[in-house]
Amino acid sequence: MRIFLIIALLVLFSGLVLFSGCISDQPEQETQTEEETIMKQISISSDAFKAGSSIPVENTCDGDDRSPALSWDTVPPGTQSIALIVDDPDAPGKTWIHWVIYNIPADSTGLPPGVPKNKTLDDGSLQGTNDFGRIGYNGPCPPPGKPHRYFFKVYALDTTLNLKSGATKSQLETAMSGHILAQGEMVGKYGR
């Protein structure tokens with residue numbers, strides 16, 4: 001009998017707790033629509049190579065090691081600056097960073113071929129430090145074997161970043177957190 005009484009009280013008490021959780025004097029918060037939760041996409045392309053194809057030798061360490069021309073569109077209204085990261089997730093041991101560039105003017109629609117390897121560009125863009133320990137672009141330079149994938153990732157930001165030139169990918173990603181309005185990527189391949 002006591003067990004029955006204890007069970008009855010537990011059921012009654014848990015029902016009150018559940019019921020009281022349903023009553024609130026706070027107004028319901030609006031939930032985001034599916035459209036608002038989906039990140040806007042930027043279209044990115046290159047005159048040097050098509051997405052998914054081989055990166056030309058001139059854009060690698062086996063050639064002139066020049067950055068390829070890149071272009072993008074569909075940058076959303078409210079964009080204050082653009083950032084770009086190029087990395088190789090197939091590198092042995094870790095994702096290898098080939099290029100970090102940020103505070104690209106919001107009205108920019110791309111980057112020309114052979115961007116100078118300067119900390120600050122004429123348009124005010126800043127370049128970071130890659131995993132070669134250098135400023136600017138250093139192209140694909142994989143060990144012999146299976147071709148590696150190189151991700152060219154562009155970000156539209158709602159702010160101009162408070163970073164000095166020479167920032168790493170990690171520092172850039174931390175500064176961009178909460179400020180990305182849209183993003184896009186294309187992949188090129190290179191093997192030796």
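The values are calculated or read from the model by the stated rules, or taken from the named source; none is laboratory data. Source: prediction; values computed, not measured. Because the Cβ atoms are built from the backbone with ideal geometry, glycine has one as well, and the counts that use them run over all protein chains shown. These area figures cover heavy atoms from the full protein model, side chains too; ligands, DNA and RNA do not enter into them. Shrake-Rupley method; radii C 1.70, N 1.55, O 1.52, S 1.80 Å.
Picking from residues in segment 142-191 that are in contact with a His (Cβ under 7 Å, 6 or more places away or on another chain) and over 19 Å from C61 (Cβ atoms), the one that is most open to solvent (accessible area, probe 1.4 Å) is D158. Note on segment 94-130: residues that are of a type outside the set (D, E, K, R), touching a residue at least 40 places away in the same chain (Cβ under 8 Å) and open to solvent by 40 Å² or more (accessible area, probe 1.4 Å) total 3. If you go through segment 41-61 and keep only what is open to solvent by 60 Å² or more (accessible area, probe 1.4 Å), without any contact (Cβ under 8 Å) to a residue 24 or more places away in the chain and part of a loop (DSSP other than H, G, I, E, B), you end up with just K50. Applying the condition of being free of Cβ contacts under 8 Å to residues at least 60 places away in the same chain and not in a strand (DSSP E or B) to segment 69-93 and asking which residue is surrounded by the fewest Cβ atoms within 10 Å (Cβ to Cβ) yields G93.
Matching residues to (1) at pLDDT 95 or above; (2) over 20 Å from S71 (Cα atoms); (3) acidic (D, E):
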residue: I104; (1), (2), (3): yes, no, no
residue: L121; (1), (2), (3): yes, no, no
residue: F132; (1), (2), (3): yes, yes, no
residue: G136; (1), (2), (3): yes, no, no
residue: Y150; (1), (2), (3): yes, no, no
residue: D158; (1), (2), (3): yes, no, yes
residue: G178; (1), (2), (3): yes, yes, no
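When each of G178, G124, G166 is tested for being in a loop (DSSP other than H, G, I, E, B), farther than 19 Å from I55 by Cα, under 14 Å from the mean Cα position of the chain (by Cα) and not hydrophobic (A, V, I, L, M, F, W, C), the lone residue that passes is G178.
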